[in-house]
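Asks: Pasting a structure here, questions to come.
The values are calculated or read from the model by the stated rules, or taken from the named source; none is laboratory data. For clarity, every value in this text was computed on a predicted model and none was experimentally measured. Cβ sites come from the backbone with ideal geometry, for glycine too, and all protein chains shown count toward neighbours. Calculation scope for accessible area: heavy atoms of the full protein, side chains included, ligands and nucleic acids excluded. Shrake-Rupley method; radii C 1.70, N 1.55, O 1.52, S 1.80 Å.
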Amino acid sequence: MPKDFGVGASTKRREDVRFLTGNGQYTDDMNVHGQAHVHFVRSEVANGVLKSVDTSAAAAMAGVVRVFTGADFEGVGGLPCGWQITDRHGEPMKEPAHPVLAQGKVRHVGDPIAAVVAETAAQARDAAEAVSCEIEEQPAVTDMKAALGGGALVHDEIGSNLCYDWGFVEENREAVEEAIRGAHHVTTLELTNNRLIPNAMEPRVAIGDYNPSTDESTLYTTSQNPHVIRLLMGAFVLGLPEHKLRVVAPDVGGGFGSKIFHYAEEALCTFAARQLKRAVKWTASRSESFITDAHGRDHVTKIELALDKDGNFLAIRTETCANMGAYLSTFSTSVPTWLHGTLMAGNYKTPLIYVNVKAVFTNTVPVDAYRGAGRPEATFQLERVIDKAARELNMNPIELRRRNFIGADEFPYSTPVAVQYDTGNYQATMDKLVDIADIDGFSGRAESSAARGKLRGLGVNCYIEACGIAPSNLVGQLGARAGLYESATVRVNATGSVTVMTGSHSHGQGHETTFPQVVADMLGIEEGQVNIQHGDTANTPMGMGTYGSRSIAVGGAAMVRATEKIISKAKKIAAHLLEAPEGDIEFKDGSFAVAGTDKSVAWGDVCLAAYVPHNYPLEELEPGLEETAFYDPANFTFPAGAYACEVEVDPETGKVDICSFAAADDFGNVINPMIVDGQVHGGIAQGIGQALLEHATYDDNGQLLAGSYMDYAMPRADDVPSLVVDHSCQTPCTHNPLGVKGCGEAGAIGSPPAVVNAVIDALERGGHSVGHIDMPVSPSRVWAAING
Amino acid sequence: MNEVSFVVNGREVSGEVEGRTLLSEFLRENLRLTGTHVGCDTSQCGACVVHVDGNAVKSCTMFALEAEGSNVLTIEGMANEDGSLGVIQQAFQDHHGLQCGFCTPGMVMSASALISENPDPSEMEIRDYLEGNICRCTGYHNIVKAIQAAAEATRTQAA
Amino acid sequence: MYNFDFERPSSLADAIVALAQEDSQALAGGQTLIPTLKNRLANPAKLVSLMAIDDLQGVAVGDGVVCVKAATTHVAAAAGAAGSFPALAELAGNIGDPAVRNRGTVGGSLANNDPSACYPAAALATGATIVTNLREISADEFFTGMFGTALGDGEIITEVRFPVPDAANYQKFEQPASRFALVGVFVARFGDRARVAVTGASEDGVFRWVEAESALFGNFTKASLDGLELSPEGLIGDIHGSAEYRAHLTKIMAGRAVAAC
Ligand SMILES: Cc1cc2nc3c(=O)[nH]c(=O)nc-3n(C[C@H](O)[C@H](O)[C@H](O)COP(=O)(O)OP(=O)(O)OC[C@H]3O[C@@H](n4cnc5c(N)ncnc54)[C@H](O)[C@@H]3O)c2cc1C
Ligand code: FES
Ligand code: FES
């Protein structure tokens, strides 16, 4: 039975009302009194020595307030990287400086050189053209092979373009080598995981403000995690103590990872506001977003899968080159390592796994986490190589997977890549998929496609992901420079309504609706009695923000813990009011009752007593009803599922149409099914975008060829089919209080291999044995593969 | 500077603008109608769609001066007179047709234009009509459902 | 965007005067020009809007000709030509998206001559006449290479006269990002003569595929194109497709257009 309120109900989103009426408050919708505007002068070349920057002409132009250059930031820190990787030989990664404005060198097209502050945005842009930069252009390197093979250097001081050479699990290296050598069959696949641009529809915006009378700085910014920005910018870049720095992320128009990171523009606006003693605003144009937002993916991989004669997986070896771009963005180094290597076991029992990753500097925009971050790269190679193996061994790809699944009775299951899956049931999600995708009916549909001259293909795959990265003490050992807990304060007001202040941040996920569902359920009050505050460091406890599908699994858990503390204290108050021992008090449906009697006191009366403590145990208990909890998870959560895609390929043009897409996910318990469906839909569309459309292509000179929507193909409504999604297979997480696993990234992780497997299947059925086509599987690539 | 005046959401407005001032800028900055969003600079994303004299247009690809004397409708003018959500807005909420909300104003304005041109659009017609509206969050699935429901509700209302 | 003066005359005569001034430029729907200005790729001193001139609006049908006034939007052209020249109506009705079609105009499209635009293919395949304030120019003379036209400074397209073929079809294979034509082929048959115009493919902009026209002469079937190959030389190769791919697509789209006639 679907519920109509509380946990498990598809409560409509309350935030929708303001978004649907044009009353959202996105950062660009704000103007701070007296603000000036900044426009950045950016490098148009990918690699060059910055000989001089002449700002005099610009400074003299109408409306110009000040022009900042790298020289202004000499005493200031650079943008930090939040995760240190130790390489195979025990050496720390190479970590070159990342100045706010270029100093001495420019390293990618879009690298900021100067910032012109003027009265209006138009004046700032006009004057930016008058800044003259003398740049001695040098050969650029964009291809990772060339970068490692003695191409131009991105950072001269390092002496090579290798950031690190990581082995995982290094002790398995020899054993994996041996297993592969002795195996009955080894399937090898070389592939590229295409470079993507996250493209949240709201471009980034930053407004720095400064109050000289209190010496306080405020940054309004399009961020997924305002506290992290405050920490990084305050402590590492500008040297501002946190009590003098407030970071606010109001309504944010999508993030997908790209708004996790601390960017130069945020630091510049905050710095400039302090210098100029007035607010400074920057709004990115989309063209600017293309060359400044951190990109995603960009791995080149060779994977080998060793099998015995029955199709049992024996060993996996994978070697990846991961593009870091020109600088290390905030979490860039963790993506191809801990977020990728630890997932290489997938849903399968493979006894031996070895992962090698070389992270490479190139003259391109920095690359960092994008929806799924590392897990899509792991899933894609694994699920593609399994499909290829099935073909080589003439086995049914679904059966080959089923044969190797970790059994439902084998949990908790420790993989050879150092993680322990708590729960799962992969046969069940596959059964569900076979049903909802009507896999048995495929051959009939293939015939009808053939009658229309089209090749139909079916692609199936599984995925597993790790959400809610934790625990902090473990990630600390792995090199994380931050903790990965989450926090919540639950403030019960005197009249019984509740305000929850959370460190999680919603930029489309619907926290304003789902978080109250949880608290209202626990307290037995109406959802409308609970409100969420988030996104402002001034009124929420220290939190780590929203990414990695962590909000409900970690942030939600913190909120539950704080609410439990509230209930515990409220019971004490109720016991006093009811003149009964605390142990006898039962809390149910918003009322405190003495067990076995008809004596009770309502929630509202207890709350009032807490704030008007006339009849109150003041000697034993503080007045008020407000609790904070920090929750640091014991483990990751492991959502998993099985996806199926059917495509039709036009053999004459190479065009791929997606006919259907089905997803069977196990997210553990689900708070709001409607919102979970929506998260999966969005993720699948992004995965389809990666598989068929999107590619941030650079030329050899480091110019971004796909630098606008004219050339970077975003999925549109007619690129995506109607989607069939199901999350009725539920194996609740065993180590968080809600039993939830997280659902934000699954769609983007699970869908690309399904699409590509389907295209390859269609071509094979049509007699074109192409083996593999790299994403995006564009019409021209399919045509070339058929005719190649 | 030039003087421009027109009607927005039933209200006469006027202001001083440069030749280069876009309609989207005038709405957002001069009138502070910030529901109209700007998501690109190549006229492709559709976050800025408004109606001018009943036609859906990209307000980022029209100068404010070109709107002189016209009748402009923005997302702020889509609610019912009592302030409750209009039919299309309500359908978007009911069917979870929005997540971050950034593309939403443009989507609603395009949906409204579609429904007035074609009261009973098929799924393919809806997807086709949204060619100029990019959404990164929803995968379009629920937007299509919302528009179907809104069209149906509009037909019922008219009947 | 650089700033400029803005004028919106209500008569053609006033527009001609305004456009005679140095560095002034016509503005029609703005669907190409405004993004160009945002990018600071143009710096006109004055923009002269043609959209308030009644004489430049509307579609007239008669004498085997569909005459589209220059400032007619794609939407209005699609509606106006639907009964008499469905292939043209379909082309106009499939340019960009609804909001673009509500602003963009035939005059702007032809004057711009984007190598991937749709209208130039229709004009060239039908042998349309482009009428300006000064003269009449045949489509064969009008297009002079990528973004190039025979228009002089300040010359204004006033209308475009499309002869209505006995049969016609436009096949557009969309570039996945911009949704302009990666390759578009407009085929028009007048009696036993066929004209085949190709957009999206060539570095010289829209062109007539004369070999295909000869092959179709007197034998207007898809099979007539079977033996033909278009040379990739001079065709566009970019991240969306090589010159070879475009050559191949041209043949496929031409065949489909003939079959659909
Ligand atoms: C998102 C998007 C998608 C699009 N998709 C397509 C597509 O699929 N196919 C396609 O063909 N086009 C497409 N276009 C382009 C669109 O059709 C434009 O409307 C058209 O190319 C230009 O017409 P306009 O009226 O907007 O001209 P403007 O942008 O106003 O002007 C373009 C140029 O023509 C000049 N000009 C305008 N009118 C005249 C005239 N009467 N006489 C002389 N010179 C004149 C101007 O000075 C300017 O140089 C797309 C545009 C956008 C924004
Ligand atoms: S902002 Fe107008 S189309 Fe993108
Ligand atoms: S809801 Fe976020 S872009 Fe559409």
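Asks: By the gyration tensor of its Cα atoms, with a ≥ b ≥ c the square roots of the eigenvalues, what is the shape of the range B:77-159: rounded for a/c under 1.5, prolate for a/b over b/c, or oblate?
Replies: Oblate, because a/c is 1.5 or more while a/b does not exceed b/c.
Asks: Per residue of the range A:471-485, what does 6.51 cos²θ - 1.76 cosθ + 1.60 with θ = phi - 60° give for ³J(HN,Hα)? Whole Hz please, x for Gly and Pro, Karplus curve as stated.
Replies: x, 4, 5, 6, 5, x, 5, 7, x, 5, 9, 9, x, 10, 8
Asks: In the range C:161-260, which chymotrypsin sites (Phe, Trp or Tyr not before Pro) fall in coil by DSSP and have 15 or fewer other Cβ atoms within 10 Å?
Replies: Details: sites: C:Tyr170, C:Phe173, C:Phe180, C:Phe186, C:Phe190, C:Phe207, C:Trp209, C:Phe217, C:Phe220, C:Tyr245; in loops: C:Phe180, C:Trp209, C:Phe217, C:Phe220.
The qualifying sites are C:Phe217.
Asks: For A:Asn531, which sequence-distant residues (separation of 5 or more, or a different chain) have an amide H within less than 5 Å of its own amide H, given hydrogens modelled in the peptide plane?
Replies: Amide H neighbours of A:Asn531, under 5 Å, 5+ apart: A:Val498, A:Thr499, A:Val500.
Asks: Could you give the length gained by full extension between A:Gln703 and A:Val76, i.e. 0.36 nm per residue of separation minus their alpha carbon distance, to one decimal place? Don't skip to the end; give the middle numbers.
Replies: Details: separation 627, 0.36 × 627 = 225.72 nm, distance 2.96 nm.
Answer, rounded to one decimal: 222.8 nm.
Asks: I need to check one value: relative contact order of the range B:2-78, counting alpha carbon pairs closer than 8 Å and at least 6 residues apart, in percent. Walk me through the numbers on the way to the answer.
Replies: Details: 146 pairs, mean separation 30.0, N = 77.
This gives 39 percent for the range B:2-78.
Asks: A further question follows. Just report the Cα centroid separation between the range A:276-325 and the range A:561-637, whole Å.
Replies: Between the Cα centre of the range A:276-325 and that of the range A:561-637, the gap is 48 Å.
Asks: For the B and C pair, go ahead and give the buried accessible area with a 1.4 Å probe, both sides summed, in Å² to 100.
Replies: Values: alone 8380 and 11670 Å², together 17890 Å².
For B against C, buried area totals roughly 2200 Å².
Asks: Would you jot down the residues in the range B:107-155 that end up with at least 40 Å² less accessible area in the complete protein assembly than in the chain alone, with a 1.4 Å probe?
Replies: Listed in order, they are B:Arg127, B:Tyr129, B:Glu131, B:Ile134, B:Arg136, B:Cys137, B:Gly139, B:Tyr140, B:His141.
Asks: Between C:Ala260 and C:Ala223, how many nm apart are label points set 7 Å from Cα along the C-beta direction?
Replies: For C:Ala260 paired with C:Ala223, the spin-label model returns 2.3 nm.
Asks: Here's something else I'd like to know. Report ³J(HN,Hα) in whole Hz for each residue of the range A:628-645, in order, from the Karplus equation J = 6.51 cos²θ - 1.76 cosθ + 1.60 where θ = phi - 60°; Gly and Pro get x.
Replies: 10, 9, 10, 10, 10, x, 7, 7, 5, 9, 10, x, 8, x, 9, 10, 9, 10
Asks: Please give the Cα centre distance for the range A:436-491 versus the range C:137-186, rounded to the nearest Å.
Replies: Each part reduced to its Cα centre gives a spacing of 45 Å.
Asks: Once A and B are treated as a pair rather than alone, how much accessible area drops out, both sides summed, in Å² to 100, probe 1.4 Å? Before the final figure, lay out the partial values.
Replies: Numbers: alone 28140 and 8380 Å², together 32360 Å².
So the buried area, both faces added, is about 4200 Å².
Asks: Sticking with this one: Carbon and sulfur together cover what percent of the accessible area of the protein assembly as shown at a 1.4 Å probe radius?
Replies: Numbers: 19200 of 40170 Å².
For the protein assembly as shown, the apolar C and S fraction of the accessible surface comes to 48 percent.
Asks: If you count, for every residue in C:102-111, the Cβ atoms of partner chains within 10 Å of its Cβ, what is the mean? Spell out each step's value before the answer.
Replies: Numbers: counts 11, 9, 2, 0, 0, 0, 0, 0, 0, 0.
The mean count of partner-chain Cβ atoms within 10 Å per residue comes to 2.
Asks: Considering every residue in A:649-657, what mean count of other chain Cβ atoms within 10 Å of its Cβ is obtained?
Replies: Per-residue shielding by partner chains comes out at 3.
Asks: Taking the mean number of other Cβ atoms within 10 Å as a proxy for protection, how do you rank A:366-373, A:500-507, A:633-640 from highest to lowest?
Replies: On the way: A:366-373: 28.9, A:500-507: 27.4, A:633-640: 24.4.
For the peptides A:366-373, A:500-507, A:633-640, the packing ranking is A:366-373, A:500-507, A:633-640.
Asks: Take every residue in peptide B:14-23, count the Cβ atoms of other chains within 10 Å of its Cβ, and give the average of those counts. If you can, show how the numbers build up before the last one.
Replies: Working: counts 0, 0, 0, 1, 6, 11, 10, 4, 5, 0.
What the average comes to for B:14-23 is 4.
Asks: Tell me what the protein assembly as shown gives for mean residue ellipticity at 222 nm when only DSSP H runs of n ≥ 4 count, each as -39,500 (n - 2.57), the sum divided by the residue total, rounded to 500 deg cm²/dmol.
Replies: Values: 33 runs with 325 residues, N = 1208.
Only helices count here, giving -8000 deg cm²/dmol.
Asks: Quick one: which residues, 5 or more positions from C:Asp5 or on another chain, have an amide H under 5 Å from its amide H? H modelled 1.01 Å from N in the peptide plane, none for Pro or chain starts.
Replies: Answer set, sorted by chain and number: C:Lys46, C:Leu47.
Asks: Here is a follow-up. How would you order A:779-787, A:329-337, A:165-173 from highest to lowest mean count of nearby Cβ atoms within 10 Å? It would help to have the intermediate numbers written out before the result.
Replies: Working: A:779-787: 20.7, A:329-337: 26.9, A:165-173: 17.4.
Descending packing order for the listed peptides: A:329-337, A:779-787, A:165-173.
Asks: Just want to confirm a number: the relative contact order over chain A, from Cα pairs under 8 angstrom separated by 6+ residues, in percent.
Replies: Values: 2000 pairs, mean separation 120.7, N = 788.
Across chain A, relative contact order equals 15 percent.
Asks: Only loop residues by DSSP count here, and only those with at most 14 other Cβ atoms within 10 Å; note down the GluC sites (Glu not before Pro) in the range C:226-261 that meet that. Please list the in-between numbers first.
Replies: Numbers: sites: C:Glu229, C:Glu233, C:Glu244; in loops: C:Glu229, C:Glu233.
Those satisfying the criteria are C:Glu229, C:Glu233.
Asks: Once Rh is set to the Kirkwood radius over Cα pairs, what Stokes-Einstein translational diffusion coefficient, in µm²/s, holds for the protein assembly as shown at a temperature of 10 °C and a viscosity of 1.306 mPa s? Can you show the working numbers first?
Replies: Numbers: Rh = 31.7 Å.
Translational diffusion coefficient: 50 µm²/s.
Asks: Run through the range A:240-335 and list the trypsin sites (Lys or Arg not before Pro) located in a DSSP loop whose Cβ has at most 15 other Cβ atoms within 10 Å.
Replies: Values: sites: A:Lys244, A:Arg246, A:Lys259, A:Arg274, A:Lys277, A:Arg278, A:Lys281, A:Arg286, A:Arg297, A:Lys302, A:Lys309, A:Arg317; in loops: A:Lys259, A:Lys277, A:Arg278, A:Arg297, A:Lys309.
Sites meeting the loop and neighbour criteria: A:Lys277, A:Lys309.
Asks: Charges at C-beta only: +1 for Lys and Arg, -1 for Asp and Glu. How large is the resulting dipole of chain A about its Cα centre, in Debye rounded to 20?
Replies: On the way: 61 positive and 98 negative charges, 76 e Å.
Using Cβ point charges on Lys, Arg, Asp and Glu, chain A gives about 360 debye.
Asks: Could you give the distance between the Cα centres of the range A:162-189 and the range B:33-92, to the whole Å?
Replies: The two parts, judged by their Cα centres, are 57 Å apart.
Asks: First check a/c for the range C:54-163, with a ≥ b ≥ c the square roots of the eigenvalues of its C-alpha gyration tensor; if it is under 1.5, answer rounded, and if not, answer prolate when a/b is larger than b/c or oblate otherwise.
Replies: Working: a/c = 1.42, a/b = 1.24, b/c = 1.15.
Rounded is the answer for the range C:54-163, as its axis ratio a/c remains below 1.5.
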